[in-house]
Amino acid sequence: MVGFQFQDIAGYHQQLLAGTTTCAAAVEHYLQAISRQPHLNAMVGVFEAEARGRAAQLDAALQAGQALLPLHGVLVSIKDVLCYEGHPVSAASHMLKGYQAVYSATAVERLIKAGAIIIGSTNCDEFAMGSTNEHSAFGPVRNAADTERVPGGSSGGAAVAVQAGLCMASLGSDTGGSVRQPADYCGVTGLKPGYGRISRWGLIAYASSFDCVGILANSVADVALIYNQLAGPDGKDSTADTTTPPQVDLQTMDKASAYRLAYLAPTMDTEGLDPEIKTAIEKTLAQLQAKGHKVAAVPFPLLEYIVPTYYVLTTAEASSNLGRFDGIRYGHQAAGQPDDLTAFYRRNRSEGFGKEVQRRIMLGSFVLSAGYYDAYFTKAQQVRQLLVDATAQIFKEFDAIIMPVSPHVAPRLGEATADPIAMYMADIFTVFANLTGVPALAVPLYRHSSGLPFGLQVLTNRGEEVLLHQLGAYLEDHFARR
Ligand code: GLN
């Protein structure tokens, strides 16, 4: 009898080899799970026929005696900002309604080459701008742990797809926390690799010097298996790292290491930090120390500047990146005859973009405008450099930095969007890794008294993804509630 039950990718592969399951059975399982849970609004495209066809091919290859591919039959969903040739991609925006990708993102191509099956595309905030997945042309996504709550954003659909068992793993994008924060709210594992580690080719740009393709899955081990296939140089992305990264191998990791762990002293006194989150992380830090790891607070007076710096720089980059959506080169064209060219652009862009995207384009145009450029944009670039330097100093003495992911658990629908500034401020712990380019991992470890999950964030130095995964796996092993 061929059945299907998913624990992790390694277990699935064992079942495939033993003949107790097939890729076809896995595909049917997930297609059913998707059709049973439309109320979550996590998926915006399901590639049924294609997934079935791919599963049949992969099963046949195995039957014919071919070796298992690294991601053989692994069902992955992709966020609606990743291009997949011949498939719709819209960045959850009316601006790109009906658009089909004309090429595939490198990350998507590598998934397929490694044997993965792309099951569909996931909902997100428009152009990946947001923290709740409520700014989407497809409507909000619901958190499967409590459907009155948001899943986080912008990769909210990607997180819920993993949380609710609609796929084995998801690709998202993380410009300021969009993989880690929804992972935190949904109780799944989320990786933002170091900047340039995974090619951005085929990822619809938000803020190019921050954007990273990230991975959401059920465990650090599953994230690592996918990361190993996606990371590495790509001639199509001039900002991709040109060195081949070492593969993550959690089997042979040195379990005896004593890690040197820092936490930024002011993080624990951040205004609005939920006392339960603070207590849980402090307790874990104390337990880590008791296990012989070095744990120390480091002063970090720059913390209060990171959110403003992030929002000045990302909106500046967004206003430039989104200039191409003018209704001529790309995007929605309003009906009827405009009076002149300016009116034509204005109508196309006012109709095509939602409110949050418009807000950011305006903010970005403002900080780049003559007269304000030096006061805002140049100043923010300088602060970014100070952050990079201060972070490099910390990594001279420490292996990793530990932080919360979000100051609070998933808010109720409608609760966070009322005050955009408060929503921006809640990005305080996640934007740090994007400003400095370091890799970061959100590991779900805890349960809040509200019943909602939350986790802890680990950051390592540039180039240290192997250590990052090892530490993540260590924390998962020792501290995850079972
Ligand atoms: N919440 C952040 C923002 O709104 C992060 C977005 C992202 O990482 N794409 O910009």
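Structural remarks
- Of all residues in the stretch 205-235, those satisfying the criterion of being of a type in the set (S, T, N, Q) and either within 16 Å of the ligand (Cβ to nearest atom) or closer than 13 Å to Ala10 by Cα (or both) are Ser208, Ser209, Asn218, Ser219.
- Subset of the stretch 228-249 that is in contact with an Asp or Glu (Cβ under 7 Å, 6 or more places away or on another chain) and not small (Gly, Ala, Ser) - its residue that is nearest to Ser170 (Cα to Cα): Val248
- Single residue of Ala207, Ala221, Ala169 found to be surrounded by fewer than 23 Cβ atoms within 10 Å (Cβ to Cβ), of a type in the set (A, V, I, L, M) and touching a helix residue (DSSP H, G or I) at 6+ places or on another chain (Cβ under 9 Å): Ala221
- Flag for Val438 being in a loop (DSSP other than H, G, I, E, B), more than 21 Å from Cys212 (Cβ to Cβ) and not charged (D, E, K, R): no
- Enumeration of residues in the stretch 311-324 that are of a type outside the set (Gly, Ala, Ser) and open to solvent by 10 Å² or more (accessible area, probe 1.4 Å): Tyr311, Val312, Glu317, Asn321, Arg324
- Condition check for Met423: assigned to a strand (DSSP E or B) and within 16 Å of the ligand (Cβ to nearest atom): no
- Matching residues in the stretch 168-195 - criterion: being part of a loop (DSSP other than H, G, I, E, B), under 19 Å from Arg462 (Cβ atoms) and within 13 Å of the ligand (Cβ to nearest atom): Thr175, Gly176, Gly177, Val179, Tyr195
- Per-region count, the stretch 259-272, residues in contact (Cβ under 8 Å) with a residue 60 or more places away in the chain and within 25 Å of Asn461 (Cβ to Cβ): 8
- Criterion (open to solvent by less than 50 Å² (accessible area, probe 1.4 Å) and not in a loop (DSSP other than H, G, I, E, B)) met by exactly one of Pro245, Pro266: Pro266
- Residues satisfying the stated conditions in the stretch 331-353, i.e. exposed (fewer than 14 other Cβ atoms within 10 Å of the Cβ) and among the hydroxyl-bearing types (Ser, Thr, Tyr): Thr342, Ser350
Table: residues versus (1) in contact (Cβ under 8 Å) with a residue 40 or more places away in the chain; (2) farther than 30 Å from Ala480 by Cα.
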| position | (1), (2) |
| --- | --- |
| Ala286 | no, no |
| Lys291 | yes, no |
| Leu322 | yes, yes |
| Gly327 | no, yes |
| Pro338 | no, yes |
| Arg347 | no, yes |
| Phe353 | yes, yes |
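- Some residue of the stretch 426-441 being surrounded by fewer than 22 Cβ atoms within 10 Å (Cβ to Cβ) and under 18 Å from Val188 (Cβ atoms): no
- Here Gly152, Gly139 are screened, and the one residue that is at pLDDT 95 or above and either in a helix (DSSP H, G or I) or open to solvent by less than 10 Å² (accessible area, probe 1.4 Å) (or both) is Gly152.
- Number of residues in the stretch 58-102 that are assigned to a helix (DSSP H, G or I) and surrounded by 14 or more Cβ atoms within 10 Å (Cβ to Cβ) equals 7.
- Index of the failed condition, Leu456 passing every other in (1) part of a strand (DSSP E or B); (2) over 23 Å from Phe300 (Cβ atoms); (3) open to solvent by less than 10 Å² (accessible area, probe 1.4 Å): (2)
- Check on Gln32, open to solvent by 70 Å² or more (accessible area, probe 1.4 Å), part of a helix (DSSP H, G or I) and either without any contact (Cβ under 8 Å) to a residue 24 or more places away in the chain or of a type in the set (Val, Ile, Thr) (or both): yes
For every residue, the table says whether it meets (1) more than 16 Å from the ligand (Cβ to nearest atom); (2) crowded, with 19+ Cβ neighbours inside 10 Å.
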| residue | (1), (2) |
| --- | --- |
| Gln385 | yes, no |
| Phe395 | yes, yes |
| Phe398 | yes, yes |
| Pro411 | no, yes |
| Thr417 | no, yes |
| Val443 | yes, yes |
| Arg447 | yes, no |
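- Pair list, Cβ < 7 Å and 6+ apart or interchain, from the stretch 419-431 residues that are in contact (Cβ under 8 Å) with a residue 60 or more places away in the chain and under 21 Å from Ile402 (Cβ atoms) to residues that are among the aliphatic types (A, V, I, L, M) and near the ligand (Cβ under 7 Å from one of its atoms): none
- When every residue of the stretch 360-382 is checked against the conditions, none turns out to be among the aromatic types (Phe, Trp, Tyr) and within 15 Å of the ligand (Cβ to nearest atom).
- Tabulated pairs, the stretch 157-180, first in contact (Cβ under 8 Å) with a residue 12 or more places away in the chain and under 14 Å from Ala33 (Cα atoms), second small (Gly, Ala, Ser) and open to solvent by 10 Å² or more (accessible area, probe 1.4 Å), C-beta under 9 angstrom, 6+ apart or interchain: Val160/Ala144; Gln163/Ala144; Gln163/Ala145; Gln163/Gly187; Ala164/Ala144; Gly165/Ala144
- A single member of Gly115, Gly165 is away from the ligand (no atom under 16 Å from the Cβ), among the small types (Gly, Ala, Ser), over 19 Å from the mean Cα position of the chain (by Cα) and modelled with pLDDT of 95 or more, and it is Gly115.
- Qualifying residue in the stretch 277-300 (condition: surrounded by 13 or more Cβ atoms within 10 Å (Cβ to Cβ), under 25 Å from the mean Cα position of the chain (by Cα), charged (D, E, K, R) and more than 30 Å from Ala10 (Cβ to Cβ)): yes
The values are calculated or read from the model by the stated rules, or taken from the named source; none is laboratory data. Everything numeric in this text was worked out from a predicted model, so none of it was measured. Neighbour counts run over all protein chains shown; Cβ positions are idealised from the backbone, glycine included. Just so you know, the surface numbers come from the protein's heavy atoms only, side chains and all, with ligands and any DNA or RNA stripped out. Shrake-Rupley method; radii C 1.70, N 1.55, O 1.52, S 1.80 Å.
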